[in-house]
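A short write-up of the structure that comes next.
The values are calculated or read from the model by the stated rules, or taken from the named source; none is laboratory data. The shown structure was predicted, so the numbers you read here are calculated from the model rather than taken from an experiment. Note that each Cβ is placed from the backbone with ideal geometry, even for glycine, and that neighbours are counted across all protein chains shown.
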Amino acid sequence: MIDVEFINGSKRFTVKALIDSGADSCAISSDMATALGLDTGGERGVSLGVMGSVESVIRTLNIRLSVAHESYNLKVPVRILFVDERDSGSFVP
């Protein structure tokens, strides 16, 4: 697990995460997107996973990956997932 910092202007959110080097995008909850001040409006699509499907929107977000004494800044597509946080557990404490 490595530190991943999601950055939207002056708003930042740091988590411990596993990185999938073959993934096309990141996924965050709508709660986390709201905490970062991301626009969650607009037309929703569907994201598929092993547990089924959920509505989502795609935005672009800056992230910083940090491990040991190195860090990398990236701009990545982020899927904002609209799930019932009471059932799945929130990313936001």
What is the number of the single condition among (1) touching a Lys or Arg at 6+ places or on another chain (Cβ under 6 Å); (2) assigned to a loop (DSSP other than H, G, I, E, B) that Ala27 does not meet? (2)
So, in segment 76-93, of the ones that are among the charged types (D, E, K, R) and either modelled with pLDDT of 95 or more or surrounded by 10 or more Cβ atoms within 10 Å (Cβ to Cβ) (or both), which residue ends up nearest to the chain's Cα centre (by Cα)? Arg79
I need the full set of residues from segment 30-53 which are assigned to a loop (DSSP other than H, G, I, E, B) and within 22 Å of Tyr72 (Cβ to Cβ), in order please. Leu36, Leu38
Tyr72 passes all but one of (1) of a type outside the set (S, T, N, Q); (2) in contact (Cβ under 8 Å) with a residue 40 or more places away in the chain; (3) closer than 24 Å to Ile2 by Cβ; which number fails? (2)
Return only the number of the condition from (1) touching a Gly at 6+ places or on another chain (Cβ under 7 Å); (2) surrounded by 18 or more Cβ atoms within 10 Å (Cβ to Cβ) that Lys11 does not satisfy. (2)
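Being assigned to a strand (DSSP E or B) and either modelled with pLDDT of 95 or more or on the phi < 0 side of the Ramachandran plot (or both) is true for just one of Ser56, Ser21. Which residue is that? Even if it seems obvious, please write down each step before you answer.
Details: Ser21 fails: assigned to a strand (DSSP E or B).
Unique residue meeting the criteria: Ser56.
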